[in-house]
Amino acid sequence: MARLPYLEADQVAPEYRDMLMRNTNLHKLLVNSPDMARAFNGVGNHIRFKSKLDPRLRELAILQVGWMEKSEYEFTHHVKIGREFGVTDDDIAALMAETEGKPSKLEPLAKVILRGTREMVRELAMSEATFAEIKRELSDEEMVDLVLTIAFYCAVVRVLATMKIDNEPYYKEVLQQYPIPGAE
């Protein structure tokens, strides 16, 4: 159960109601601080709609964060979002294999981006070797977008966990296909 209330549109000043258009528990809770919620939404919207990073690779990195951090909410929401940007069930199975150190059929760039994501989650930063390997394929702008995307979603999973934000029932269906070991 969430630590703060989920607010509905009629409980929020009119100038902030646009932030509830996605109608997720995350947004309903964050709007308890409407200006912070607007800033949060701005970063999230930039990552999702304006980043120069390939959207499938972006979603794989976000899914890797959610999987590693055992964030049911983050992982299930981005399975759905990822599908909109070309992430397949085979990609998700490969992500799980890569996380366990097993081989997968992912293309080399996806594999190294997942490795870099795991390094940022586990070690705080990408190693020099991983960064250099990714940098051979991505522009400086894409590198910044990738690192900030991973860092942002590392923050998001901590917000979800600390605020104990409940996953919406629709997304729980994803867990039947992809149960997260050790998730609550």
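The values are calculated or read from the model by the stated rules, or taken from the named source; none is laboratory data. The model shown is predicted, which means the values in this text are computed figures rather than measured ones. Reconstructed Cβ throughout: ideal geometry from the backbone, glycine too, with neighbour counts over all protein chains shown. When the accessible area is computed, the model is the full protein with side chains, heavy atoms only, and any ligands, DNA or RNA have been set aside. Shrake-Rupley method; radii C 1.70, N 1.55, O 1.52, S 1.80 Å.
Give me the accessible area per residue for region 48-110, probe 1.4 Å, as a whole number in Å². Kindly include the intermediate steps, with their values, before the conclusion.
Working: 2670 Å² over 63 residues.
The answer is 42 Å² per residue.
If each DSSP helix of 4+ residues adds -39,500 (n - 2.57) and the sum is divided by the residues in the chain, what number results at 222 nm, nearest 500 deg cm²/dmol? Walk me through the numbers on the way to the answer.
Values: 9 runs with 117 residues, N = 184.
After summing the helix terms and dividing by residue count, I get -20000 deg cm²/dmol.
Leaving out same-chain residues fewer than 8 places away, which aspartates and glutamates sit with a Cα under 16 Å from that of K102?
In chain and number order, the partners are D90, D91.
Using just the alpha carbons, could you tell me how many Å³ per residue the convex hull of region 1-42 encloses? Intermediate values should be presented prior to the final figure.
Values: hull volume 2.8 nm³, N = 42.
In region 1-42, the Cα hull volume divided by residue count equals 66 Å³.
At a 1.4 Å probe radius, which order do T76, T99 fall into by accessible area, largest first?
Values: T76 0, T99 30 Å².
I get T99, T76, largest accessible area first.
For the chain, report the % of Cα-Cα distances exceeding 23 Å. Walk me through the numbers before you get to the answer.
On the way: 7049 of 16836 pairs.
Across the chain, Cα pairs with separations above 23 Å total 42 percent.
In the chain, what percent of the accessible surface is made up of carbon and sulfur (1.4 Å probe, ligands and nucleic acids excluded)? Don't skip to the answer; put the middle values down first.
Numbers: 5480 of 9770 Å².
On the chain, the fraction of accessible area on carbon and sulfur atoms equals 56 percent.
Towards the positive end of the charge dipole of region 5-147, with charges on Cβ (+1 Lys, Arg; -1 Asp, Glu), say which of V43, M19, H78 has the farthest Cα.
Final value for the positive-end residue is H78.
By average Cβ neighbour count within 10 Å, what is the ranking of 21-30, 121-130 from highest down? All intermediate terms of the calculation are to be shown ahead of the outcome.
Working: 21-30: 17.8, 121-130: 13.2.
Result, highest mean first: 21-30, 121-130.
Please compute the alpha carbon radius of gyration of region 9-93, then divide it by the globular-protein estimate 2.2 N^0.38 Å. Two decimals is fine.
Details: Rg = 14.3 Å, N = 85, 2.2 N^0.38 = 11.9 Å.
Cα-based Rg divided by the globular estimate yields 1.20.
Considering only DSSP states other than H, G, I, E and B, which GluC sites (Glu not before Pro) in region 1-95 qualify as loop sites with at most 14 other Cβ atoms within 10 Å? Provide the component values of the computation, followed by the final result.
Details: sites: E8, E15, E59, E69, E72, E74, E84; in loops: E8, E69.
Filter output for region 1-95: E8.
Restricting things to alpha carbons, find the Rg to Rh ratio for region 82-122 using the Kirkwood radius for Rh.
Details: Rg = 10.1 Å, Rh = 10.5 Å.
With Rh from the inverse mean 1/r over Cα pairs, Rg/Rh is 0.96.
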